[in-house]
Amino acid sequence: MVPPSSDSTTAPGDAHLTVDELAAAAGFTVRTTRYYASLGLVPPPQRRGRLAYYGDRHLAYLELVRALQEHGFTLQAIEGFIAALPAEATVEDLALQRAMLTSWSPRPPERADLDEVQRRAGRLLSTADLALLESIGVLDRDGDHLVVMPGFAEGVELLGIDIPRASMQAASDAIRRNMEALVTELTDILRDQVLDPYRRADPSREGAERLEQTLPTLRRLTLEAVVTGFQRAANAVITQSLTRSR
């Protein structure tokens, strides 16, 4: 898997960064940057004799890779995502993709071994405990490592509640099913009524970066609206139940 060559999309004078400068700009080590390039996560560099140079498009790919990592994607998943991008994707397109992928959680997932996971849990976790934490989405697996997701502490707290685990699983399934439907609808609205008009009005990279700075506020307000909406709906159901029981 290799993204389209930068030779066809980058003017000769645009590629001006060495691999050391590219790595520093992206916040990766040179070794990691070279490794990602070997996986095809960035387009090939421009060659000038024996020297390789990189430009804004290469940096945009690396910034997108970082956003995907912070969103919990494995390298294998990132390879698939990068491979599916349109060949003509511009720096602005990649910036908008990154803006959309900025995590809704204030804390990114963290890879850990079983001992570290149990230390964070403050207890020994049985195979059944781990399976439940995975099924409710607060623990994931990445090869031989576990991935601690936001909400892990709350998930561990559930293990100590004296209710059937089948009930926890059923509640988790109901939440996930309804949340996925809600997120799909909200994402369609965001894309069709916010991102697309924004792209047409200001298709520059600076415009995408301004949008990326705006999205955290929009996400915070959306999360508050979801919580408030759930509370209001729960109160309405309780009220209806009490009314029927009279």
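Ala171 falls short on exactly one of the conditions (1) surrounded by fewer than 13 Cβ atoms within 10 Å (Cβ to Cβ); (2) more than 18 Å from the chain's Cα centre (by Cα); (3) not polar (S, T, N, Q), and that condition is (1).
Leu62 satisfies every condition listed in (1) hydrophobic (A, V, I, L, M, F, W, C); (2) farther than 26 Å from Pro150 by Cβ; (3) touching a helix residue (DSSP H, G or I) at 6+ places or on another chain (Cβ under 9 Å) except (2).
Annotation: of all residues in the stretch 28-53 being within 20 Å of Ala77 (Cα to Cα) and small (Gly, Ala, Ser), the one that is surrounded by the fewest Cβ atoms within 10 Å (Cβ to Cβ) is Ser38.
Residues in the stretch 143-160 that are under 15 Å from Phe73 (Cα atoms) and touching a helix residue (DSSP H, G or I) at 6+ places or on another chain (Cβ under 8 Å): 2 in all. The residues of the stretch 211-230 that are surrounded by fewer than 12 Cβ atoms within 10 Å (Cβ to Cβ) and farther than 20 Å from Glu185 by Cβ, listed by number, are Gln213, Thr217.
Please enumerate the residues belonging to the stretch 188-210 that are modelled with pLDDT under 80, open to solvent by 50 Å² or more (accessible area, probe 1.4 Å) and of a type outside the set (Gly, Ala, Ser). Within the stretch 188-210, Arg191, Val194, Tyr198, Arg199, Arg200, Pro203, Glu206, Glu209, Arg210 meet the criteria.
The set of residues in the stretch 1-27 that are surrounded by fewer than 16 Cβ atoms within 10 Å (Cβ to Cβ) and at pLDDT 90 or above comprises Thr18, Asp20, Glu21, Ala24, Gly27.
Only a single item in (1) of a type outside the set (A, V, I, L, M, F, W, C); (2) surrounded by 20 or more Cβ atoms within 10 Å (Cβ to Cβ); (3) farther than 17 Å from Gln97 by Cα is not met by Tyr61, and it is number (3).
Once the stretch 135-168 is narrowed to residues that are among the acidic types (Asp, Glu) and open to solvent by 60 Å² or more (accessible area, probe 1.4 Å), the residue that is modelled with the lowest pLDDT is Asp144. Does Thr74 count as among the hydroxyl-bearing types (Ser, Thr, Tyr), open to solvent by 20 Å² or more (accessible area, probe 1.4 Å) and under 23 Å from Ala99 (Cβ atoms)? In short, yes.
The values are calculated or read from the model by the stated rules, or taken from the named source; none is laboratory data. These numbers come from a predicted model, not from an experiment. Ideal geometry is used to build each Cβ from the backbone, glycine not excepted, and the neighbour counts take in all protein chains shown. To get the accessible areas, we keep the full protein, side chains included, count just its heavy atoms, and leave off ligands, DNA and RNA. Shrake-Rupley method; radii C 1.70, N 1.55, O 1.52, S 1.80 Å.
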